[in-house]
Amino acid sequence: MTSSEFSSSSSSSSSSPSDRRIGALLRHLTAATDSDNLSSVYASPTSGVSGGSVFAHLVQAPEDPILGVTVAYNKDPSPVKLNLGVGAYRTEEGKPLVLNVVRKAEQQLINDRTRIKEYLPIVGLVEFNKLSAKLILGADSPAIRENRVTTVECLSGTGSLRVGGEFLAKHYHQKTIYITQPTWGNHPKIFTLAGLTVKTYRYYDPSTRGLNFQGLIEDLGAATPGSIVLLHACAHNPTGVDPTIQQWEQIRQLMRSKGLMPFFDSAYQGFASGSLDTDAKPIRMFVADGGECLVAQSYAKNMGLYGERVGALSIVCKSSDVAGKVESQLKLVIRPMYSSPPIHGASIVAVILRDRNLFNEWTLELKAMADRIISMRKQLFEALRARGTPGDWSHIIKQIGMFTFTGLNPAQVSYMTKEYHIYMTSDGRISMAGLSSKTVPHLADAIHAVATKAV
Amino acid sequence: MAMAMMIRNAAASRRAMTPISGDFGGGLRSMSSWWKSVEPAPKDPILGVTEAFLADPSPDKVNVGVGAYRDDNGKPVVLDCVREAERRLAGSTFMEYLPMGGSAKMVDLTLKLAYGDDSEFIKDKRIAAIQTLSGTGACRLFADFQKRFCPGSQIYIPVPTWSNHHNIWRDAEVPQKTYHYYHPETKGLDFSALMDDVKNAPDGSFFLLHACAHNPTGVDPTEEQWREISQLFKAKSHFAFFDMAYQGFASGDPARDAKSIRIFLEDGHHIGISQSYAKNMGLYGQRVGCLSVLCEDAKQAVSVKSQLQQLARPMYSNPPLHGAQLVSTILEDPELKSLWLKEVKVMADRIIGMRTTLRESLEKLGSPLSWEHVTKQIGMFCYSGLTPEQVDRLTSEYHIYMTRNGRISMAGVTTGNVGYLANAIHEVTKSS
């Protein structure tokens, strides 16, 4: 039956267009098989105008625990409100910061009229990929020299973790990943949706507010051989507690002896200590032993490119042949997710990393940010000491990176939000980047209040 | 054929075996790679074409593969409205995270394009919508959403379709079925078979529809046919998901290109839409798009949006800023928006002009075949009807690159190469 049959039978000029349409529809339906039943013509109760949505059964999802903090903060009209929730850097004046090198890079890109913004390849901006690998693994890395690393541009750290996770779920023989207890709230969701089974290993010791190294070694030692282990390269989120170099070496030996696959999340390179090389050391130790690993890199914090979603996933392989095959399979993960990554942020990073002067300028800006955070730690510690706040608050200066795991409980956090308009995640994590010399006293007062009350 | 494969493989092979060296410690030298059994993946059938094209040294080479617009000099284009928007954005102090749902402003402006400036659905806040990573990202999030909230459902996909559609719903683990679409004999729409498939699908099935400028065939239902499809969908309670990647690009008029969607909205369907700015704003690499789902009421829209965000968070947390800012800057400024509409029409008109020229050239060469479909089809692509073998000959003998399904990207055709292209096509088809 062709559509011409419809039109020839509906030539009556007295019928309306919709009558003709329904007529055509009826003829189409009734001209089919014997088993057809005219009752199928009538609209079912769930269709169209009178019908409901197929998604009517949905309930509203809870707010994201981290991003929800900023939502609540924005709603608060108090003039003394303080946002210590999401980890975005703020200047001493409490303002977001666009790095000078980023401004310069953007200007360069704009002035280049020959620049075209076509699709990147699936793997992203190739120059950016090479420079990112060098940045994290070291320019003299044997793995890079031997062409054993495949790097793909991804959407910041989240995207790199997700693509890596999906690759592992498809191609790795062990589908379990161990994540620290606690860890960034998005980690378990990322890996679960990627198709992996998520387990935890002990990490934070509440009694010392430091590393539970014994527990860590026991749990990794008990893991099924070959399991994947997520490691925070530096500036552990949310605790700020990092293993020492000696502890890292023990972790490395244990993991290699059990064939555990390291998956590094590097979101704070340069931000933790102020040195790019120092903060990459644990990763480079693992790569130096010739073994394989995955590394997720983010430029959100260390280049202030948060919203542009710039990151990279590197997989260090045993041979260049394997690296080539791995890259081809990564493309199959990426293509059905978003086809190819965004061009803008990666282009900015490439401009900065390839230019010696811009690179050096960046390292200075990075150190300034890290130093300001370290200074905030000192100031907060001193402020609590000056108030005679009960308890040991030395973890504030021992922990490293953007966050401090205060040790405050949800009830205390809630009190601080209600009475002092201070916003943080309910696990007591505060973003030091959100503090300034002006606001430290307010925070110290609040902590002092909950430490001395029975909250 | 061998030459075509060689050229493709040359682009693919990249690394030589190198011996492993260095001190590993811990007995690692003896361990082999965990990825030993990883097979080399096949090249993407579309993006692999451009890779092969780039690797070809011939001065005569023509790329009519991937759907990216070219001007009449064969050059990629950055629209003037985009350049101006870039200029205005330079020096912006905002680089923070967008919310998970992306730029609310960009989403608002984008919904107006699809649903209409005065859409009651927008006024009543009935649309759950988030910014996505272009059209791919919108389709993928919808597929994930479908999997999570309608777990028993399948997706009906037209034959043929953009190859990545299959990958997307497969990776979302939603079972796929197909429905008839393209009629090889007429090189047009197989409307009756399409309607049969719609009728025979179980009530409440999910269907993927191309809103306009079907990719890869360029074959769109007529307005009348869309109305009939909509009526049948109503009778069957089917869910219509529209992939609209070419609004404005097909006819030159965005409102006209959204007609299929408007028909379904008039008929009361609760639809889903994937929108992309890759082609119509030339923002390919920025990855800007939007996913929307029309709900019963505002409350439901809030719920659905929150759930969509829950799927975006573990994929990329929040979408990229720059492209969204470009779109907002252009669409909220009447002058820039007007400039954009003009520029979209120029692109669409150039393609329509090339269709005419290509068809006439083939007819002048005395081709034994009918090339009527070249001007009947619409949008960026022409489904030429060339066989894979003929396509391989075009590549190996004439250095003309297209996907092996015979899809020609008209955007890659220029007054400079249309004669060469027509001649080559004639040569490989004249004995058909």
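Values as computed for the structure displayed
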{"item": "Selection within the stretch A:167-225 - farther than 27 Å from A:Ser394 by Cβ, modelled with pLDDT of 95 or more and aromatic (Phe, Trp, Tyr)", "result": "A:Phe167, A:Tyr178, A:Phe191"}
{"item": "Candidate set from the stretch A:305-320 (those that are surrounded by fewer than 24 Cβ atoms within 10 Å (Cβ to Cβ) and part of a loop (DSSP other than H, G, I, E, B)); member that is nearest to the other protein chains (Cβ to nearest Cβ)", "result": "A:Lys318"}
{"item": "Members of the stretch A:243-267 found to be open to solvent by 40 Å² or more (accessible area, probe 1.4 Å) and within 14 Å of chain B (Cβ to nearest Cβ), listed by number", "result": "A:Glu249, A:Gln250, A:Gln253, A:Ser257, A:Lys258"}
{"item": "Every pair of residues 6+ apart whose Cβ atoms lie under 7 Å, when the first sits in the stretch A:187-202 and is within 14 Å of chain B (Cβ to nearest Cβ) and within 23 Å of A:Gln214 (Cα to Cα) while the second is open to solvent by 60 Å² or more (accessible area, probe 1.4 Å) and at pLDDT 95 or above", "result": "A:Val198/A:Thr192"}
{"item": "Helices (runs of 4 or more DSSP H) lying entirely in the stretch B:116-221 (those with 1 or more residues that are among the charged types (D, E, K, R) and more than 30 Å from B:Pro42 (Cα to Cα))", "result": "B:120-123, B:191-200"}
{"item": "Options A:Gly226, A:Gly270, A:Gly240; residue that is surrounded by fewer than 16 Cβ atoms within 10 Å (Cβ to Cβ), in a loop (DSSP other than H, G, I, E, B) and at positive phi", "result": "A:Gly226"}
{"item": "Top-ranked residue in the stretch B:76-86 [being aliphatic (A, V, I, L, M) and open to solvent by less than 20 Å² (accessible area, probe 1.4 Å); ranked as nearest to the other protein chains (Cβ to nearest Cβ)]", "result": "B:Val82"}
{"item": "Members of the stretch B:192-203 found to be open to solvent by 10 Å² or more (accessible area, probe 1.4 Å), at the interface with another protein chain (Cβ under 10 Å from one of its Cβ atoms) and out of contact with any strand residue (DSSP E or B) (no Cβ under 7 Å at 6 or more places or on another chain), listed by number", "result": "B:Ser192, B:Asp196, B:Lys199, B:Asn200, B:Asp203"}
{"item": "Test result for A:Ser207, small (Gly, Ala, Ser) and part of a helix (DSSP H, G or I)", "result": "no"}
{"item": "Qualifying positions in the stretch B:146-177 - within 9 Å of chain A (Cβ to nearest Cβ), more than 24 Å from B:Val304 (Cβ to Cβ) and open to solvent by less than 20 Å² (accessible area, probe 1.4 Å)", "result": "B:Asn164"}
{"item": "Total residues in the stretch B:325-368, condition touching a residue at least 60 places away in the same chain (Cβ under 8 Å), under 17 Å from B:Val418 (Cβ atoms) and open to solvent by 60 Å² or more (accessible area, probe 1.4 Å)", "result": "3"}
{"item": "Among (1) farther than 22 Å from A:Phe286 by Cα; (2) assigned to a helix (DSSP H, G or I), the one test that A:Ile116 misses", "result": "(2)"}
{"item": "Selected residue [buried (at least 17 other Cβ atoms within 10 Å of the Cβ) and modelled with pLDDT under 95] from A:Leu120, A:Leu131, A:Leu137", "result": "A:Leu120"}
{"item": "Answer from A:Asp445, A:Asp392 - the residue that is over 27 Å from the mean Cα position of the chain (by Cα) and modelled with pLDDT of 95 or more", "result": "A:Asp445"}
{"item": "Residue in the stretch A:91-102 that is assigned to a helix (DSSP H, G or I) and farther than 23 Å from A:Glu308 by Cβ present", "result": "no"}
{"item": "Qualifying residue in the stretch B:63-75 (condition: surrounded by 19 or more Cβ atoms within 10 Å (Cβ to Cβ), among the hydrophobic types (A, V, I, L, M, F, W, C) and within 8 Å of chain A (Cβ to nearest Cβ))", "result": "yes"}
{"item": "Residue count for the stretch B:87-125, restricted to those that are of a type outside the set (A, V, I, L, M, F, W, C), surrounded by 22 or more Cβ atoms within 10 Å (Cβ to Cβ) and on the phi < 0 side of the Ramachandran plot", "result": "3"}
{"item": "Among the residues listed as A:Leu99, A:Leu161, A:Leu109, A:Leu125, the single one being within 12 Å of chain B (Cβ to nearest Cβ), open to solvent by 10 Å² or more (accessible area, probe 1.4 Å) and at pLDDT 95 or above", "result": "A:Leu125"}
{"item": "Verdict on A:Asp289 being over 30 Å from B:Val288 (Cα atoms), touching a residue at least 12 places away in the same chain (Cβ under 8 Å) and in contact with a strand residue (DSSP E or B) (Cβ under 9 Å, 6 or more places away or on another chain)", "result": "no"}
{"item": "Single unsatisfied condition, A:Ile430 versus (1) under 29 Å from the mean Cα position of the chain (by Cα); (2) more than 16 Å from A:Gly94 (Cβ to Cβ)", "result": "(2)"}
{"item": "Qualifying positions in the stretch A:49-67 - surrounded by fewer than 19 Cβ atoms within 10 Å (Cβ to Cβ), within 7 Å of chain B (Cβ to nearest Cβ) and either within 26 Å of the chain's Cα centre (by Cα) or at pLDDT below 70 (or both)", "result": "A:Val49, A:Gly52, A:Val59, A:Gln60, A:Ala61"}
{"item": "Residue match in the stretch B:290-312 (condition: touching a Phe, Trp or Tyr at 6+ places or on another chain (Cβ under 6 Å), more than 30 Å from A:Ala346 (Cα to Cα) and part of a helix (DSSP H, G or I))", "result": "yes"}
{"item": "Residues satisfying the stated conditions in the stretch A:202-223, i.e. open to solvent by 40 Å² or more (accessible area, probe 1.4 Å) and either over 11 Å from A:Thr180 (Cβ atoms) or acidic (Asp, Glu) (or both)", "result": "A:Pro206, A:Ser207, A:Thr208, A:Arg209, A:Gln214, A:Ile217, A:Glu218, A:Ala222"}
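The values are calculated or read from the model by the stated rules, or taken from the named source; none is laboratory data. All values derive from a computational prediction rather than experimental measurement. Note: ideal-geometry Cβ built from the backbone for every residue, glycine included; neighbour counts use all protein chains shown. Surface accessibility is based on the protein's heavy atoms, side chains included, excluding ligands, DNA and RNA. Shrake-Rupley method; radii C 1.70, N 1.55, O 1.52, S 1.80 Å.
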